[in-house]
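Take a look at the structure set out below.
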Amino acid sequence: MNRKALILDAGGVLVRPLHGDWNIPARYRELLGDCARDVPGEAYRAACRAEAALLREDVLLTDVGEEYEKRLQFLKNVAARMGWTLDGAQLAAMAEDFTYNPERYDWYVDTRESLSRWQGRARLGMLSDAMPSFRAFLRALDLERPFDAVVLSTEVGACKPDPRMYLEICRRMELAPADCLFVDDRACNLRGAMDCGMAAVQMCRDGLPTWDGPCVRDLAELNAYWEGLI
């Protein structure tokens with residue numbers, strides 16, 4: 001089985017949220033003051049879920065400034081649900097931190113080394129359900145360069161496991177799905193990749209496998225698995 005390309009999800013594979021939740025900005029303690037004690041917490045998570053439609057990742061969106069406006073409205077609505085008394089400056093600072101501060105992401109310690117190892121040895125792609133700011137973060141941290149293609153859901157107008165996601169990255173890389181090994185932490189996304197003709201392996205960094213296919217625990221194990229396919 002000869003695979004020419006390694007297609008990686010981002011969240012749970014290469015990166016995790018700094019504070020354990022994708023909806024928590026990096027500087028929330030500083031910016032929220034006393035209200036920060038409510039974050040993280042189930043009430044905050046419930047408020048974020050209730051307003052999630054404002055930050056849908058399956059809608060076409062490529063402008064980071066537009067994303068900022070959506071995040072600002074999202075935070076206003078969440079603050080209202082939480083009963084927080086925040087002024088406009090606080091909300092704007094929160095939205096700015098959320099949209100423009102790459103420190104809200106915590107990259108796994110093996111990410112950079114592994115990407116460097118694979119660069120030149122394999123065609124590399126990233127396929128992620130993410131907002132436009134994520135691409136800006138990749139560029140700011142020089143983490144876009146190792147990839148032959150990066151496809152975000154907001155550029156396609158669909159989220160995994162929609163077939164359009166897998167077919168789009170194959171189109172950009174000029175490869176057939178059968179040439180690709182897809183890596184994700186969610187079983188539904190892995191099955192979606194397989195339905196499109198890709199091979200798939202689950203990344204299980206922080207938990208047990210949730211499907212009956214192959215699994216790896218980190219990028220070193222992924223590299224060993226990959227080398228067994230090429």
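The values are calculated or read from the model by the stated rules, or taken from the named source; none is laboratory data. In this text the structure is predicted, and so the values were computed from the model without any measurement. Positions of Cβ are generated from backbone atoms using ideal geometry, with glycine treated the same way; all protein chains shown enter the neighbour counts. Accessible surface areas use protein heavy atoms only, side chains included; no ligands, DNA or RNA. Shrake-Rupley method; radii C 1.70, N 1.55, O 1.52, S 1.80 Å.
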What is the distance, in nm, between label points placed 7 Å from the Cα along the Cα-to-Cβ direction at THR210 and at ALA89?
4.2
Determine the dipole magnitude for segment 1-135: charges of +1 sit on the beta-carbon of Lys and Arg, -1 on that of Asp and Glu, nothing else is charged, the reference point is the Cα centre, and the result goes in debye to the nearest 20.
640
Along segment 40-52, what does the Karplus equation 6.51 cos²θ - 1.76 cosθ + 1.60 (θ = phi - 60°) give for ³J(HN,Hα), rounded to whole Hz, x for Gly and Pro?
x, x, 5, 4, 5, 4, 5, 5, 5, 4, 5, 9, 4
Could you work out how far apart the two model spin labels at CYS188 and ARG112 are, taking each label as a point 7 Å from the Cα in the direction of the beta carbon, and quote it in nm?
3.5
Length released on extending from ALA80 to VAL64, taking residue separation times 0.36 nm less the Cα-Cα span
3.3 nm
Sticking with the crude label model, points 7 Å out along Cα→Cβ, report the distance from GLU42 to GLN73 in nm, one decimal please.
3.0
Out of THR62, ALA130, LEU8 - ranked by how far each Cα lies towards the positive end of the dipole of the chain, with unit charges on the beta-carbon of charged residues - the top one is LEU8
So what is the calculated 222 nm ellipticity per residue for the chain, using -39500 (n - 2.57) for each DSSP H run with n of 4 or more, over all residues, to the nearest 500 deg cm²/dmol?
-12000 deg cm²/dmol
Options GLY83, VAL109, ALA93, ranked by Cα towards positive dipole end of segment 67-114, top entry (Cβ charges):
GLY83
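Where only protein heavy atoms count, and the probe is 1.4 Å, what is the accessible area per residue for the chain in Å²? Numbers along the way, then the final one.
Details: 10650 Å² over 230 residues.
Using a 1.4 Å probe on heavy atoms only, each residue of the chain averages 46 Å².
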Measuring from the lowest to the highest alpha carbon on each principal axis, how far does segment 104-177 reach, largest first, in angstroms?
31, 30, 17
Tell me whether segment 62-149 comes out rounded, prolate or oblate; compute the Cα gyration tensor, take square roots of the eigenvalues as a ≥ b ≥ c, and use a/c under 1.5 as the rounded threshold.
prolate
Measure off, as a whole percent, the carbon and sulfur share of the 1.4 Å-probe accessible area of the chain, all protein chains present.
48
Going by Cα centres, segment 1-24 and segment 157-201 are how many Å apart?
14
Could you tell me the calculated FRET efficiency between ASN101 and ALA176, based on Cβ-Cβ distance and R0 = 41 angstrom, to the nearest 0.05?
0.60
